[in-house]
Amino acid sequence: MVSTERAEGRARARGGRRLVLAVLSVANALVILDGLIVAVALPAIQDDLGFGGAGLQWVVSAYVLCFGGGLLLGGRAADLVGRRRMAVAGLLAFAAGSVVAGLAPTAAVLVAGRALQGAAAAALDPALLALLVGEFPEGRERDRALGVWSAAGSLGIPAGALLGGLLTATFGWRWVLLAPVPVALAAALLVRLTLDERRDQTTPRRFDLPGAVTATAGLALLIFAITQTELLAGGPGGEAGGPSGLAALPRVAVPLAAAAALLAAFVVVERRSPAPLVRLELLRRPGMLPADLAAATLPVGLGALLFLGTLHLQRVLGFTALETGLAYLLLSLPVVAASPAASFLAGRYGRRPVAAGGLLLQAAGLLLLLGAGPDDGFLTGVAPGFVLVGAGAPIAWVPLTAAAVEGAGDQSGLASGLFNTAQQVGNAVALALLATAAAARSASLAGGAPPTPAELAAGYQAGFLAAATLCLLGLVAALHLPRPAPVSVPTPGGGRPGPARRRTRCPRGRAGR
């Protein structure tokens, strides 16, 4: 009777955790989807609201700036204020920003709405991951949950591209921004009803305002400086009549110097603060620093496909916006297959080789795209690279995430914020490098004339090569993840425990019963 009740209790717990995982995964997919769904609608937004060539980038950059710059603040606030409370507030603010952007009468209001969406995502994302970490115990159960979470988030990438193209072609670009509103409101209600509140119980509920200001402003200025580096190669600013080439150097150097000064001030503030925003000793936890360094290269493969791949499909192969969205469905197949497999592989072979293998798959897929030109079709020139990158991203993400948040305890929100900040800053750096490499290569081949499809393809190949190099650097960082500690078992008759022996499987029928 007692065993039956315990079994029923475990079944109820598993059922409750499945519901929690589903709610958190949907909310996570919403954040990723909204960061991408606008990309396909940019030409329609430009025509309707009259954005200039240089101003159009702020539809994307405003989101990235506020998201990446606010992640540390959002992660620590989740620990202090409460992770469920921050998740609900973030979802509601996300819905409000979507309404502002979707109904925007002018370009400035649209950019403001996107900035509010990014700030809401910065509050939401670390809270969601910290709630998941708190709900599932360390080990295989958490790794399996992270695999589902990764699959849902990664599916937001092709779903964002497909929905963006479909909604823009059918109802107009405003519905691209308004569509997430009911999903965000429903997710906020479900988070409130299905999850318990969790927060850091080990530190006083004091807020490090100087640390928050210097960290957020420093990261925002760093990302801003990085988004301007494309102008050095004659990017969109030059096309719109603004500064380009060496004339644009102050637009990169000045915010970069200010960011360096603010981030240095942040380190000084944190060392002296009685209640720091980031406990610097957290970075000395085994596995956290290599996981965060590898995480900085983790989104490079998918980011390269979404940026350079979209341009290749439309400008070289002549795809429409809707056809581009449909092409990105090819990413969903390896994502669905690889995400659950990643947790199994990490448990079977260890996090270090699996994370390195995922980054190696991304690099291999990007290198395959070096052969994609205007004479190559989608299936022969682009699809193989899409498949390998789509499989490699979730395979690397699951073990890296588990290593970054393992042992963080009551600071799991901050650990999640650091991990996500590394990804956002790394993604911004990578996209700036890819855009600069692609623009410089195409411009040098064109010799001042408008580049031909072949010259554009050569530029995109230079960007893919830079992305593959960054993934290989991330692989080196992943190889420095700590090995799992050996499990000790008691020896017969008492005495000192010895290391656990690896269990081996016997062929069926030969094992002793």
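The values are calculated or read from the model by the stated rules, or taken from the named source; none is laboratory data. Everything numeric in this text was worked out from a predicted model, so none of it was measured. Every residue, glycine among them, receives a Cβ derived from its backbone with ideal geometry; neighbour counts consider all protein chains shown. Only protein heavy atoms, including side chains, enter the accessible area calculation; ligands, DNA and RNA are left aside. Shrake-Rupley method; radii C 1.70, N 1.55, O 1.52, S 1.80 Å.
Results, tabulated for the structure shown:
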item	result
Looking only at the stretch 95-109, and only at residues there that are within 14 Å of Ala62 (Cα to Cα) and out of contact with any Gly (no Cβ under 9 Å at 6 or more places or on another chain), the one that is surrounded by the most Cβ atoms within 10 Å (Cβ to Cβ)	Val109
Failed criterion for Gln117 (all others in (1) within 27 Å of Val335 (Cα to Cα); (2) polar (S, T, N, Q); (3) surrounded by fewer than 20 Cβ atoms within 10 Å (Cβ to Cβ) hold)	(3)
Exclusive hit being in contact with a Gly (Cβ under 8 Å, 6 or more places away or on another chain), within 21 Å of Leu298 (Cβ to Cβ) and modelled with pLDDT of 75 or more, set Ala115, Ala127, Ala161, Ala120	Ala127
Selection within the stretch 262-295 - among the aliphatic types (A, V, I, L, M), part of a helix (DSSP H, G or I) and open to solvent by less than 60 Å² (accessible area, probe 1.4 Å)	Leu262, Leu263, Ala264, Ala265, Val267, Val269, Leu280, Leu282, Met288, Ala291, Ala294, Ala295
Residue in the stretch 105-114 that is out of contact with any Phe, Trp or Tyr (no Cβ under 6 Å at 6 or more places or on another chain), of a type in the set (A, V, I, L, M, F, W, C) and closer than 19 Å to Ala27 by Cβ present	no
Members of the stretch 258-300 that are among the β-branched types (Val, Ile, Thr), modelled with pLDDT of 80 or more and over 30 Å from Val389 (Cα atoms)	Val267, Val268, Val269
Residue selected from the stretch 46-60 under the condition out of contact with any Asp or Glu (no Cβ under 9 Å at 6 or more places or on another chain), assigned to a helix (DSSP H, G or I) and open to solvent by 10 Å² or more (accessible area, probe 1.4 Å), by the criterion nearest to Leu177 (Cα to Cα)	Val60
Residues that are farther than 16 Å from Leu479 by Cα, within 19 Å of the chain's Cα centre (by Cα) and surrounded by fewer than 23 Cβ atoms within 10 Å (Cβ to Cβ), drawn from the stretch 338-378	Pro340
Any chance Asp143 is crowded, with 20+ Cβ neighbours inside 10 Å, assigned to a helix (DSSP H, G or I), among the acidic types (Asp, Glu) and out of contact with any Leu (no Cβ under 9 Å at 6 or more places or on another chain)	yes
Yes/no for Pro334 being touching a Pro at 6+ places or on another chain (Cβ under 9 Å) and either farther than 21 Å from Thr170 by Cα or without any contact (Cβ under 8 Å) to a residue 24 or more places away in the chain (or both)	yes
